[in-house]
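Undergrad: Quick one: the structure is below, and I'll ask about it shortly.
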Amino acid sequence: MNKAITEGLVLMPPPFSAGLNLWSREDGRSGQGSYLGQANAAYVPSDQDFAGCLELQKTSATQKLRCFQQIPFQPGLYLRVTAKVKAMSGVLPSVRIAAWAANSSGANVTSAVQTGPSVALTAYGTVVTVSAIIGSGNRQGVDMVWGSAPVYGHFGLDLTGSNGGVVRIDDITIEDVTSVFHSAMFDWVDVRDFGAKGDGVTDDRAAFNAADTAAAGKRVVVSPGTYFIGSHLTFENPVSFEGKITMPENQRLACTRNYDLDTYTSAFGGELLGFRKALQALFYFTDHVALNLNGRRVQLDAPVDVAALAGLTYFAQRRLITNGQLTVAPGTAWNTTTVTAVATYATASPTTLTGVANISAIPVGARISGTGVGREVYVLAKNVAASTLTLSQPLWGGAGTRSYTFERYKYMLDFSGFVDELHKFEVTDIEFACGSEASGILLAPVGSAFQITNCVINTPKDRCVTSFGFGCQGLQIDHCELLSREFSIPAQDRTTIAFNVNGNDSKIRNNRATRFAHFGIFAGTGNIVMGNHFFQGDTQENGVRRAGIVFTKPNAQGFFVGNYVDNCFLDFSNEHDAIPAFSSGYSFGGITISGNLFLVANTGPAFRFIVVTPRGPGHYISGLSVTNNVFRASSGTIDRVEMIDTTTANLSFTSFRNITFSDNTFNGIGQATVSPLFMEHVQNTAADTWVVDGSAFMPFGGRARNVTGVVLEGPVTNASNVTQWVQPYVLVETGGGTQVQLKWPSAVKGRAQVTIRCDNPV
């Protein structure tokens with residue numbers, strides 16, 4: 001559509017018949033000389049080719065002809081200036097369209113191209129058409145690129161070459177040809193219309209900003225080319241990229257109206273760089289809280305250090321990555337860094353290693369292993385000058401100087417650089433295709449409320465999710481599928497772990513995990529583990545089974561409800577305790593285990609579903625509720641469902657408190673576990689002491705510490721079958737502590753219902 005119509009622009013210069021005083025022999029500026037009364041210029045009212053024209057003799061090296069009229073110009077405008085010329089006599093000159101470009105102050109815009117292509121006149125009397133297109137954008141077909149600075153021009157032509165020749169010039173015309181390049185009816189503007197070069201060298205940021213400002217709700221188009229942007233750039237309007245941009249790594253592109261992976265992939269010419277730049281922008285204002293990967297696959301060739309990418313160490317606003325797949329391109333960038341070093345541990349400083357040899361080579365975030373080290377202990381920080389390492393958890397093996405191994409796994413998304421906290425970050429609907437080359441997510445050392453929802457973490461090399469510090473406070477892992485790379489490896493030989501938690505208050509819900517060494521390691525308390533199915537069996541006959549869940553704080557304070565515990569067990573340990581012998585505080589317990597399905601197959605009778613593993617003496621159980629569960633063994637039977645691993649120490653049975661094992665179902669289990677135990681005792685021979693033995697039922701081999709009820713069923717009789725109206729008293733913890741005695745005034749016989757507990761109820 002013509003801007004002369006739609007925007008009221010007067011583009012046509014005056015005809016020569018209106019007077020030669022309207023035409024300048026210089027640049028067309030006010031006060032300069034005109035052609036009126038000049039000896040080398042005359043108006044010819046009638047010509048066989050032109051109705052009226054200017055006859056002009058060339059007397060200067062560059063004979064200029066410019067209209068005094070200020071022809072308006074603006075970004076996005078494209079003008080075609082046309083002149084018809086014929087040589088009449090003398091030396092044949094060359095002709096070109098020319099103009100003088102002015103900015104809003106009236107000064108010449110020297111960066112604007114102000115002459116068009118030159119055309120040589122080769123014969124007398126032959127009409128030659130000379131034209132040039134003037135436009136703001138550096139587009140194909142534009143002869144004179146003006147950019148966005150000029151606001152008007154003085155248009156005309158130049159005669160060049162030798163002097164003396166005489167030419168006749170028809171009225172010069174100016175046409176709006178904007179529609180050739182784009183239509184005003186279109187809902188977009190092009191950055192080239194605002195001076196963008198697209199040569200990959202010139203900094204086009206100012207042109208991009210100008211285009212975005214002019215768009216005013218329309219879409220900004222980045223037409224083909226390579227555009228260098230030297231500093232942060234924000235689009236306040238929708239933008240689409242046909243060309244691509246390059247930016248320094250630490251500079252950001254913020255697309256506030258279409259912030260997604262497709263936009264950034266187009267902007268930077270590929271998914272990987274597009275993903276990195278989009279993720280970088282996520283931590284700044286993009287008018288979005290979520291980075292949508294648009295269902296696309298991004299192949300990573302190295303770990304993504306998210307904090308370094310963002311240039312931040314602290315972030316506390318909700319942000320989200322969603323809807324796509326991250327895959328791993330094999331390479332050395334994913335190799336585990338392994339360092340062995342001698343260090344000294346003292347229980348007085350339970351999370352510090354001192355005198356660490358070769359400390360500069362040990363990376364922060366490395367897992368430490370060695371004698372006396374519990375599962376999932378990591379290097380939280382290091383002080384090279386002092387040769388000290390700060391650990392995520394204490395070591396239980398006691399003080400001493402020994403050799404340790406440090407392994408720094410490589411993660412697809414690495415948040416370890418947020419050393420001053422990261423809060424409320426979420427990853428949803430993402431598949432991490434680790435390809436046995438990389439691990440999944442490394443959390444920040446400090447922070448809270450990290451959420452991983454509806455994700456698949458497939459075949460991680462070492463870990464799905466790792467907390468090497470306390471950025472897991474309030475961690476949520478929901479509705480995820482976690483698939484081990486060790487599916488075909490016997491359980492006892494596996495090394496991969498789905499996740500670990502050091503902080504408190506995690507929620508692990510409705511996940512499915514297959515064949516890891518362990519599903520989860522919980523060093524914090526207040527955890528809710530609900531609705532998960534974790535399967536860790538194998539096809540080995542009489543196969544070894546390992547812990548699915550490990551609680552490393554004795555008083556776990558949590559809920560384990562509605563899970564499917566498949567060919568693995570729950571392990572309660574205090575392996576993150578610098579002084580593992582009990583001295584004060586709370587010991588094992590503080591957890592409810594309810595409504596779960598426990599299943600095992602192809603294992604030996606010694607397998608147990610619930611194991612307590614004290615690392616030092618004096619511990620006991622207080623506050624354990626195991627109710628309404630189904631325990632089942634198939635392809636064989638197991639002896640019972642619970643045990644104490646006494647490899648290091650045993651429990652103190654006389655300190656058991658508030659333990660409930662009730663309303664559970666036992667299939668394929670040799671001996672049920674019950675407390676309080678409702679037990680029927682039949683005394684067929686008269687005796688003044690009835691021995692009631694419920695030891696086989698007591699949890700963890702506990703003692704018969706209390707009797708909470710004795711009900712006599714039917715009469716109590718003496719040896720002559722005469723009813724005796726008497727009551728017994730009770731002695732507990734007899735017969736080595738596992739039996740109860742009902743003591744009578746005299747020898748009697750009969751039937752009694754006795755309720756026995758392995759604990760003190762309060």
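Undergrad: For the condition at pLDDT below 95 and surrounded by fewer than 18 Cβ atoms within 10 Å (Cβ to Cβ), what is the one hit in Thr115, Thr6?
TA: Just one listed residue meets the conditions, Thr6.
Undergrad: I need a count of the residues in region 699-758 that are farther than 17 Å from Ser652 by Cα and in contact (Cβ under 8 Å) with a residue 60 or more places away in the chain.
TA: Residues flagged as farther than 17 Å from Ser652 by Cα and in contact (Cβ under 8 Å) with a residue 60 or more places away in the chain within region 699-758 amount to 11.
Undergrad: Take the conditions in contact (Cβ under 8 Å) with a residue 40 or more places away in the chain, assigned to a loop (DSSP other than H, G, I, E, B), at negative phi and surrounded by fewer than 24 Cβ atoms within 10 Å (Cβ to Cβ) and apply them to Gly524. Does it pass?
TA: No: the conditions fail for Gly524.
Undergrad: Can you pull out the residues in region 602-624 that are modelled with pLDDT of 95 or more and surrounded by fewer than 18 Cβ atoms within 10 Å (Cβ to Cβ)?
TA: Pro605, Ala606, Gly616, Pro617, Gly618
Undergrad: Looking only at region 729-762, count every residue that is surrounded by 19 or more Cβ atoms within 10 Å (Cβ to Cβ), under 17 Å from Pro715 (Cα atoms) and either charged (D, E, K, R) or over 60 Å from the mean Cα position of the chain (by Cα) (or both) and tell me the total.
TA: 6
Undergrad: Confirm whether Gln540 is surrounded by fewer than 23 Cβ atoms within 10 Å (Cβ to Cβ) and in a strand (DSSP E or B).
TA: No.
Undergrad: Which one is surrounded by the fewest Cβ atoms within 10 Å (Cβ to Cβ), of the residues in region 31-48 that are touching a Lys or Arg at 6+ places or on another chain (Cβ under 9 Å), at pLDDT 95 or above and assigned to a loop (DSSP other than H, G, I, E, B)?
TA: Checking each candidate, the answer is Gly33.
Undergrad: Does Glu680 fit the bill of being in contact with a Lys or Arg (Cβ under 6 Å, 6 or more places away or on another chain) and in a strand (DSSP E or B)?
TA: In short, no.
To keep it simple, each residue is scored yes or no on (1) small (Gly, Ala, Ser); (2) at negative phi; (3) in contact with a helix residue (DSSP H, G or I) (Cβ under 9 Å, 6 or more places away or on another chain); (4) part of a strand (DSSP E or B).
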position: Arg402; (1), (2), (3), (4): no, yes, no, yes
position: Leu413; (1), (2), (3), (4): no, yes, yes, yes
position: Glu437; (1), (2), (3), (4): no, yes, yes, no
position: Lys461; (1), (2), (3), (4): no, yes, yes, no
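Undergrad: Could you say which residue among Val109, Val95 is buried (at least 18 other Cβ atoms within 10 Å of the Cβ) and in contact with a Pro (Cβ under 6 Å, 6 or more places away or on another chain)?
TA: On inspection, the qualifying residue turns out to be Val109.
Undergrad: Name the residues in region 413-443 that are in contact (Cβ under 8 Å) with a residue 40 or more places away in the chain, under 18 Å from Gly503 (Cβ atoms) and buried (at least 20 other Cβ atoms within 10 Å of the Cβ), would you?
TA: Phe415, Ser416, Phe418, Leu422, His423, Phe425, Val427, Leu442
Undergrad: Return yes or no: is Phe487 in a strand (DSSP E or B) and free of Cβ contacts under 8 Å to residues at least 60 places away in the same chain?
TA: Answer is no for this residue.
Undergrad: Please enumerate the residues belonging to region 185-214 that are crowded, with 21+ Cβ neighbours inside 10 Å and of a type in the set (Gly, Ala, Ser).
TA: Across region 185-214, the qualifying residues are Gly195, Ala196, Gly198, Ala207, Ala210, Ala211.
Undergrad: Also, I was wondering about something else. I'd like to check something: does region 134-157 contain any residue that is hydroxyl-bearing (Ser, Thr, Tyr) and under 21 Å from Thr62 (Cβ atoms)?
TA: No, region 134-157 contains no residue that is hydroxyl-bearing (Ser, Thr, Tyr) and under 21 Å from Thr62 (Cβ atoms).
Undergrad: Mind counting the residues in region 18-72 that are among the hydrophobic types (A, V, I, L, M, F, W, C) and within 15 Å of Trp100 (Cα to Cα)?
TA: Total satisfying the criteria: 5.
Undergrad: Which of the following residues is in contact (Cβ under 8 Å) with a residue 12 or more places away in the chain, among the hydrophobic types (A, V, I, L, M, F, W, C) and touching a Leu at 6+ places or on another chain (Cβ under 9 Å): Phe661, Phe666?
TA: Going through Phe661, Phe666 in turn, just one is in contact (Cβ under 8 Å) with a residue 12 or more places away in the chain, among the hydrophobic types (A, V, I, L, M, F, W, C) and touching a Leu at 6+ places or on another chain (Cβ under 9 Å): Phe661.
Undergrad: Another question, if that's okay. Restricting to region 602-640, name every residue that is touching a Pro at 6+ places or on another chain (Cβ under 6 Å) and among the aliphatic types (A, V, I, L, M).
TA: Within region 602-640, Ile638 is the sole residue that qualifies.
Undergrad: Tell me, which strands (runs of 3 or more DSSP E) wholly within region 71-158 include 2 or more residues that are over 19 Å from Asp176 (Cβ atoms) and of a type in the set (Ser, Thr, Tyr)?
TA: Filter on region 71-158 gives 115-120.
Undergrad: A further question follows. Could you go through region 377-397 and let me know if any residue there is in contact with a Pro (Cβ under 9 Å, 6 or more places away or on another chain), surrounded by fewer than 20 Cβ atoms within 10 Å (Cβ to Cβ), part of a strand (DSSP E or B) and small (Gly, Ala, Ser).
TA: There is at least one residue in region 377-397 that is in contact with a Pro (Cβ under 9 Å, 6 or more places away or on another chain), surrounded by fewer than 20 Cβ atoms within 10 Å (Cβ to Cβ), part of a strand (DSSP E or B) and small (Gly, Ala, Ser).
Undergrad: Just to be sure I understand, how many residues within region 249-273 are within 19 Å of Asp204 (Cα to Cα) and without any contact (Cβ under 8 Å) to a residue 24 or more places away in the chain?
TA: 3
Undergrad: If I filter region 51-75 down to residues being farther than 18 Å from Gly153 by Cα and surrounded by fewer than 19 Cβ atoms within 10 Å (Cβ to Cβ), which single residue comes out as nearest to the chain's Cα centre (by Cα)?
TA: Result: Thr62.
Undergrad: If you don't mind, there's one more thing I want to ask. What strands (runs of 3 or more DSSP E), lying completely within region 287-348, carry at least 2 residues that are at pLDDT 95 or above, at negative phi and hydroxyl-bearing (Ser, Thr, Tyr)?
TA: By residue number, 319-328, 337-345.
Undergrad: Now for a different question. Any chance region 174-191 includes a residue that's assigned to a strand (DSSP E or B), in the same structural domain as Val44 (by TED's automatic domain parsing) and either on the phi > 0 side of the Ramachandran plot or hydroxyl-bearing (Ser, Thr, Tyr) (or both)?
TA: Within region 174-191, not a single residue is assigned to a strand (DSSP E or B), in the same structural domain as Val44 (by TED's automatic domain parsing) and either on the phi > 0 side of the Ramachandran plot or hydroxyl-bearing (Ser, Thr, Tyr) (or both).
Undergrad: Going residue by residue through region 677-692, is there one that turns out to be at pLDDT 95 or above, surrounded by 21 or more Cβ atoms within 10 Å (Cβ to Cβ) and out of contact with any Pro (no Cβ under 8 Å at 6 or more places or on another chain)?
TA: Checking region 677-692: at least one residue is at pLDDT 95 or above, surrounded by 21 or more Cβ atoms within 10 Å (Cβ to Cβ) and out of contact with any Pro (no Cβ under 8 Å at 6 or more places or on another chain).
Undergrad: Kindly indicate the residue of region 548-579 that is on the phi > 0 side of the Ramachandran plot and at pLDDT 95 or above and also surrounded by the most Cβ atoms within 10 Å (Cβ to Cβ) among those meeting that condition.
TA: Checking each candidate, the answer is Asn567.
The values are calculated or read from the model by the stated rules, or taken from the named source; none is laboratory data. Predicted model, so just to flag it, every value in this text is computed and none were measured. So basically every Cβ, Gly included, is an ideal-geometry build from the backbone, and we count neighbours across all protein chains shown.
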